[in-house]
Amino acid sequence: MSFENFELNPALLRAVADAGYTVPTPIQARAIPIVLAGQDLQGAAQTGTGKTAAFALPILHRLDAAQSAPRGPRAPRALVLVPTRELAAQVAESFKDLGRHLKQRGALIYGGVSPKPQVKALAEGVDIIVATPGRLLDHLQMKLVDLSRIEVLVLDEADRMLDMGFIRPIRRLIAALPRQRQNLLFSATFSTEIRELARGI
Ligand code: AMP
């Protein structure tokens, strides 16, 4: 099994080679074809399994295939929610690395820092948002972000987000998304609460 087995944009295969990945990890082998096909997915995966690339690669592929090299102010099309700012930074870095030969732009949104650069990035136009739920909800409530064009939602480390009390902001963010979208949920554990959230979306 190699990355060439997936029908990924050659620009992504180049980025995969640049990153030094040769063999897909098990979660990548299972998830990438499903996400490329536009289907919903629930993945049981912990950090360290390669799960970030398992969703970042097919998301970048689909965004680029549907609309290449967008410019100027535009509504974001992919939203990744994560529990912590550290994970947000890591996930955003993966999108940046894997998307290095594409033109999709990303914004990194989390609390505890000045909202100004985030507001500026959102106003300039981004395709992919990687965010912690609380700060993104603040931007939404101030009408600084338009989530009505999101095509793909990722809930990463969903169990940790629930443990951290993010269920209400998550539900309010989801309510602002179009009903027609792709949903990807990753969690290390599948408690009743997680299953309920998954059923709800
Ligand atoms: P993650 O589980 O997404 O946090 O990824 C864990 C680490 O594995 C990161 O440093 C990735 O860059 C790396 N990684 C992801 N996919 C592969 C792969 N197919 N081959 C080698 N390393 C990988």
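The values are calculated or read from the model by the stated rules, or taken from the named source; none is laboratory data. Note that the structure is a prediction, hence the values are computed from the model and not measured. Note that we place each Cβ from the backbone using ideal geometry, even for glycine, and neighbour counts take in every protein chain shown. Each accessible area value is taken on the protein alone, full model and side chains, heavy atoms only, with ligands, DNA and RNA left out. Shrake-Rupley method; radii C 1.70, N 1.55, O 1.52, S 1.80 Å.
Quick notes on this structure:
- For Lys103, the residues 5 or more places off, or on other chains, whose built amide H falls under 5 Å of its own are Ala69.
- Given charges at beta-carbon only (K, R positive; D, E negative), |dipole| of the stretch 1-145 in Debye: 460 debye
- Pairs from the table (Lys51/Lys96; Lys51/Lys120; Lys116/Lys143) lying more than 18 angstrom apart at Cα are Lys51/Lys120.
- Helical mean residue ellipticity (222 nm; -39500 (n - 2.57) per DSSP H run of 4+; nearest 500) of the chain: -13500 deg cm²/dmol
- Amide H contacts under 5 Å for Leu185, placed H, 5+ residues apart: Leu41, Gln42, Gly43, Leu155
- Zero-based 5 Å bins, Cα pair distances in the chain, whole percents: 1, 7, 17, 21, 22, 16, 10, 4, 0, 0
- Annotation: peptides 184-192, 51-59, ranked by per-residue average of other Cβ atoms within 10 Å with the highest first, follow the order 51-59, 184-192.
- On the chain, 49 percent of the accessible area sits on carbon and sulfur atoms, based on a 1.4 Å probe.
- Basic side chains Lys and Arg get +1 at the Cβ, acidic Asp and Glu get -1 at the Cβ, and with that the dipole of the stretch 64-176 about its Cα centre reaches some 480 debye.
- The chain - accessible surface per residue (Å², probe 1.4 Å): 49 Å²
- Ala88 sits among other residues whose Cβ lies under 13 Å from its own Cβ, and their net charge, with Lys and Arg +1 and Asp and Glu -1, is 0.
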